[in-house]
Structure formats: structure tokens, C-alpha cells
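Everything below concerns the one structure shown next.
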Amino acid sequence: MKILYGVQGTGNGHLSRCHTLAQSLTKHRNVEIDYLISGRQPSGLFDMEVFGDYQWRQGLSFVTERGRLRRRKTLLNNHWRQFWQDVKNLPVTDYDLVITDYEPVTAWAAKKQGVRCVGLGRQYAFHEPDLFKRLSWWQKQLISSFAPCSEPVGMHWLASGNAVPPVVRQEENACVGLMQRVVVYLPFEDPRDIIDQLQPLDNYEFSLFHPKVERKSLGHIECYPPSRTEFAQHFSKASAILSNAGFETSCEALSQGKALAVKPLAGQFEQKWNARILQEHGLASVLKRVETSDVDSWLAQREPHRLYWPNVAETLAQWIADGATQPVAELSAELWSRNEKTAI
């Protein structure tokens, strides 16, 4: 079976999830997969070996400035003519199946050319009635049209409709971590602002990962450019995680029992809803801004929570290798039934 797998490259969450799933898919010899990445320039991609000789397209992305989504600049900066040309020219009829992790070029090409398309990722959980009804009118339009699919397979922290549990790395030796160690991953904030606010908190050790920093030491703040391996190493040793409200980082924190605080990207509705849902279920603290007093207060009162999920990557890889023919409702029920325990 030949598959085209589109991955949204704007944030590292999509790539991280697909990286884990791609490792499981390599075990199935009956599946030939071509990956297509869009939303980020190739120079900004890293640790891409698992995707092989992947394709790249400009795609669609968004513009952020100091922790806020800029809608007007987003509309003006995207190359719409190039996008529709790429959609038109992508030969998706050469494939038996298209899978999209909220990647719009593959999704729209499949829609235009009548090829079966499975939407696999966090955003497709918002198609579930309980989550969809909470969205505003324009949010519903965006979630339905940005990367449309014929079969949505959403991911959620807790059972909701036909959504499946998240894909996370399986940590054999996951530990609570050292109390004073904190990982900070806020890629949409200005790193200078983050450092200024963390500087007074010298009773903690911060590992700051950011696409706009170079490796350097600032006393109790260690700065690192993005690296999947290094991030995982620091993540496992930390007891607390401060991040934007992206789905994948929160899943990694909850799967390892780390205390979690999120600062949603202002103006980005998915992150707003992620933060609200996490807070409603008592799974994370939500910060409106990254300021010394707010971070210090959270760290002093933090409460770790842990959720237990099965090996979703292995099951999804098998489901895909079998032609993705099992109904999504059955797939979801099967995965949630494997949860041996849930601790909140």
C-alpha cells in the first residue's frame, strides 16, 4: 500500500507526534510512505532522518510576535497563489491513501482529486460534537476547512467521542525529576523576555529551548536550540514544564507525571481551548503572561498529574498498515479500554 503522509511543520508538536508514529510505521514492510512537510522553511527543520527523502512545500503558516498571533500579517504573508498551485500539481492519485496531520496541501489535494484522506492529529478532535459545539462560528469554519479530510481521527487527553489517546514516546524509565529543574519551551515568545523574567528565580535550574537561541549558559538558565534528543533528556530530569498550550508537549508532561503550566499563544484558538480544557480538568495551571511573580507562584504551588495511555503509535501503525479499514469508533474504544489506570 502506498501512502502520502502530510505533516504540518509550523510547530514542533506535529513533527514530534509524526516522528514517533513514523518509527512504528517502519516495522510494516507492506506500507510504502512518502512524507510531505509544509509550514516551515527546510532550514528550520531538524532531526528529520526518520522521514527519509521527504517532500517539502511552502504550505500555510502563521505569523507570531512576542507571544501573539498576528492575523493580518498571517493573511498577507502566506503565498496563496503558490499554495493553490501546489494543491493542483500534487499527484495524490498515485497513492492508495492520504494521511494528513493538519497539513493543508495534501488535505486539499486529496479533496480536489477525490482521494481518501484520513485526518490524524489533535485538531481533528475538535470535530467531536462535545468539543465542536464549544467553538465560535469562525473557529468551526477554520477547523473544518484548513486541512479537510474524509475521515477525522482526533486525539485528546481524555475519552471524548471517537477521539483516540495521544501518540507519545514510550519512556521506559520515566522519573518524577528533580524539584529545582524546570524545562521551558515557549517558541512563540521573545526569548529575551523569557530570560529577563526567569533571571530573578535563581533557586531553580531552567533549561530553555527556543528556535531563536544558541547554546549558552546564563548561570541558572541553560539555553538550547531545538533538538529532539536533547529536549527529551532534559525533559526526563525536570519536575516541571512551562510551555505554550500546544498539545504534544502537554501530553509528554502528563504521561511522565510532570507539573505543567501553559501560556497559550494569544489569538490562537486551539491553544486557548487546550489551556481551558487542561485547567477545567485540573491537569495544568494556566499563565496569562510569563512574568517572574506568576512563574514563581506556580512553581511554589505546583501539583504534578499523571495520565496513563497505551502505546498508541504501535496500534495506529498497525491500523494504517491494515488499510485503515477498522471503523474509527471501534479503534477509539479499543485504545481507551487498554488504559489500565488513570491518575488525575
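Would you mind stating whether residue 24 is part of a helix (DSSP H, G or I), in contact with an Asp or Glu (Cβ under 8 Å, 6 or more places away or on another chain) and among the small types (Gly, Ala, Ser)? It is true that residue 24 is part of a helix (DSSP H, G or I), in contact with an Asp or Glu (Cβ under 8 Å, 6 or more places away or on another chain) and among the small types (Gly, Ala, Ser).
Just wondering, is there one or more residues in the stretch 130-139 that are of a type outside the set (Lys, Arg), crowded, with 21+ Cβ neighbours inside 10 Å and either free of Cβ contacts under 8 Å to residues at least 24 places away in the same chain or not in a loop (DSSP other than H, G, I, E, B) (or both)? So far as the stretch 130-139 goes, no, none of its residues is of a type outside the set (Lys, Arg), crowded, with 21+ Cβ neighbours inside 10 Å and either free of Cβ contacts under 8 Å to residues at least 24 places away in the same chain or not in a loop (DSSP other than H, G, I, E, B) (or both). Identify all residues within the stretch 51-108 that are of a type in the set (Phe, Trp, Tyr) and over 23 Å from the mean Cα position of the chain (by Cα); write none if there are none. Within the stretch 51-108, 80, 84, 95 meet the criteria. For residue 321, the conditions (1) open to solvent by 20 Å² or more (accessible area, probe 1.4 Å); (2) modelled with pLDDT of 95 or more; (3) over 24 Å from residue 184 (Cβ atoms) all hold with the exception of (1). Where the second residue is part of a helix (DSSP H, G or I) and hydroxyl-bearing (Ser, Thr, Tyr) and the first is at negative phi and lies in the stretch 315-330, which pairs have Cβ atoms under 6 Å and are six or more apart or on separate chains? Sorted first by the residue in the stretch 315-330, then by its partner, the pairs are 317/24.
When 70, 17 are screened for being of a type in the set (Lys, Arg), under 23 Å from residue 164 (Cβ atoms) and touching a residue at least 24 places away in the same chain (Cβ under 8 Å), only 17 passes.
So which residues in the stretch 140-155 are open to solvent by 10 Å² or more (accessible area, probe 1.4 Å) and of a type outside the set (Lys, Arg), if there are any at all? Steps first, answer last, please.
Looking only at the stretch 140-155, we keep the residues that are open to solvent by 10 Å² or more (accessible area, probe 1.4 Å), and these are 140-142, 144-146, 148-152.
Matches in the stretch 140-155: 141, 142, 144, 145, 146, 148, 149, 150, 151, 152.
For the stretch 66-97, residues that are surrounded by 12 or more Cβ atoms within 10 Å (Cβ to Cβ) and not in a helix (DSSP H, G or I) total 10. When the residues of the stretch 105-118 are narrowed to those that are of a type outside the set (A, V, I, L, M) and crowded, with 24+ Cβ neighbours inside 10 Å, which ends up nearest to residue 84 (Cα to Cα)? Ranking the qualifying residues of the stretch 105-118, first place goes to 108.
The values are calculated or read from the model by the stated rules, or taken from the named source; none is laboratory data. Quantities reported herein were computed from a predicted structural model and do not represent experimental measurements. In this analysis, Cβ positions are derived from the backbone assuming ideal geometry, glycine residues included, and neighbour counts consider all displayed protein chains. The area values use the complete protein model at the heavy-atom level, side chains included, leaving out ligands, DNA and RNA. Shrake-Rupley method; radii C 1.70, N 1.55, O 1.52, S 1.80 Å.
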